[in-house]
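J.: Encoded as structure tokens, here's the structure I'll be asking about.
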Amino acid sequence: YPKRTAAGFDTGRLQLLLAVLQEKGGVKLSFSDVYVNLAGGIRSREPGLDLAVAVAIISAYLKKPLPEDVLVAGEVGLAGEIRQVKNLSRKLKEAANLGLQRVVTASVDKGEKIPAGVEIISLKNLAEAAGWLNNQF
């Protein structure tokens, strides 16, 4: 049996995310060990981390590193759809302050303020996320 371990991230949520990744994202993980660790001892139950964890897993699966200038934020539903996170404006502002140039998330509302120099990469589902990451290099 493959080992699935999470530190700082809910293990049940990880199991669910892996199932959705396999069924809706086209990422075959049934024989792969998966380890998730939120650095610095952080513990979070924030659903907005779903997409970041999923993209990190896809990145490892494809053996393609995630670009360093990217913030990933989004909730993942059971059908593999990507949903918007709460307080996106604040996250976008902080991303700009940290020098991050791209934000991968669900579609952004038309009235949302996007800081100068920040590009929004809108994705609808996990299959699009895998395709986006696969085409990065």
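J.: Kindly establish whether residue 59 is among the small types (Gly, Ala, Ser) and either more than 21 Å from residue 28 (Cα to Cα) or at pLDDT below 90 (or both).
T.: Working: among the small types (Gly, Ala, Ser): yes; either more than 21 Å from residue 28 (Cα to Cα) or at pLDDT below 90 (or both): no.
In short, no.
J.: From 80, 131, which residue is surrounded by 14 or more Cβ atoms within 10 Å (Cβ to Cβ), free of Cβ contacts under 8 Å to residues at least 12 places away in the same chain, out of contact with any Cys (no Cβ under 8 Å at 6 or more places or on another chain) and of a type in the set (Gly, Ala, Ser)?
T.: 131
J.: Something else now. Consider the range 67-77. How many of its residues are out of contact with any Leu (no Cβ under 6 Å at 6 or more places or on another chain) and surrounded by fewer than 17 Cβ atoms within 10 Å (Cβ to Cβ)?
T.: Within the range 67-77, residues that are out of contact with any Leu (no Cβ under 6 Å at 6 or more places or on another chain) and surrounded by fewer than 17 Cβ atoms within 10 Å (Cβ to Cβ) number 3.
J.: Which count do you get for residues in the range 83-108 that are open to solvent by 70 Å² or more (accessible area, probe 1.4 Å) and either farther than 18 Å from residue 47 by Cβ or not in a loop (DSSP other than H, G, I, E, B) (or both)?
T.: Going residue by residue through the range 83-108, those that are open to solvent by 70 Å² or more (accessible area, probe 1.4 Å) are 83, 86-87, 90, 93-94, 97-98, 101, 107.
Narrowing further to those that are either farther than 18 Å from residue 47 by Cβ or not in a loop (DSSP other than H, G, I, E, B) (or both): 83, 90, 93-94, 97-98, 101.
Here the count works out to 7.
J.: Another one. Within the range 33-43, does at least one residue satisfy the condition of being modelled with pLDDT of 90 or more and closer than 20 Å to residue 124 by Cβ?
T.: No, the range 33-43 has no match at all.
J.: Within the range 75-121, can you find the residues that are at pLDDT 95 or above and on the phi > 0 side of the Ramachandran plot?
T.: 80
Residues checked against (1) part of a strand (DSSP E or B); (2) without any contact (Cβ under 8 Å) to a residue 12 or more places away in the chain; (3) surrounded by fewer than 15 Cβ atoms within 10 Å (Cβ to Cβ); (4) not hydroxyl-bearing (Ser, Thr, Tyr):
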| residue | (1), (2), (3), (4) |
| --- | --- |
| 1 | no, yes, yes, no |
| 27 | no, no, no, yes |
| 35 | yes, no, yes, no |
| 52 | no, no, no, yes |
| 58 | no, no, no, yes |
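The values are calculated or read from the model by the stated rules, or taken from the named source; none is laboratory data. Predicted, not measured: the structure shown is a model, and the values here were computed from it. FYI the Cβ positions are ideal-geometry reconstructions off the backbone, even for glycines, and counts take in every protein chain you see. In case anyone asks, the SASA skips ligands and DNA or RNA and just uses the protein heavy atoms, side chains included. Shrake-Rupley method; radii C 1.70, N 1.55, O 1.52, S 1.80 Å.
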